[in-house]
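The values are calculated or read from the model by the stated rules, or taken from the named source; none is laboratory data. Because the structure is a prediction, the values reported are computed rather than measured. Here the Cβ positions follow ideal geometry from the backbone for every residue, glycine too, while neighbour counts run over all protein chains shown. Protein only, heavy atoms only, side chains kept; ligands, DNA and RNA dropped before computing areas. Shrake-Rupley method; radii C 1.70, N 1.55, O 1.52, S 1.80 Å.
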Amino acid sequence: MELTAQQIGLLERLRSHRFEIVAYPMYENYIGVRKGNCGALLAAAGPDRFTLYGEPRSEEHTSELQSPCN
């Protein structure tokens, strides 16, 4: 997946707020982000933003993305 400079800047801002950027092989068209016990997928939405794909999920199930965060 190719990202624009603006999208990379947004991911860097998330990292500065202690989000971890992760890859989920099952979801190669999305960017995974994780903080604490929650993980979420971001979908590119134009050249300068992302949208949330699905619902945030708990750490125990981020590889499967099956259980909602508390």
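The local environment of Leu14, defined by Cβ-Cβ distances under 15 Å, has a net charge of +3 under the rule Lys, Arg +1 and Asp, Glu -1.
When ranked by the protection proxy of mean other Cβ atoms within 10 Å per residue, highest first, what sequence do the peptides 9-21, 40-52 form? Please list the in-between numbers first.
Values: 9-21: 12.3, 40-52: 14.9.
Answer by packing, highest mean first, reads 40-52, 9-21.
Legend: residues Tyr24, Tyr30, sorted from most to least accessible area (1.4 Å probe; ligands, DNA and RNA excluded), read Tyr30, Tyr24.
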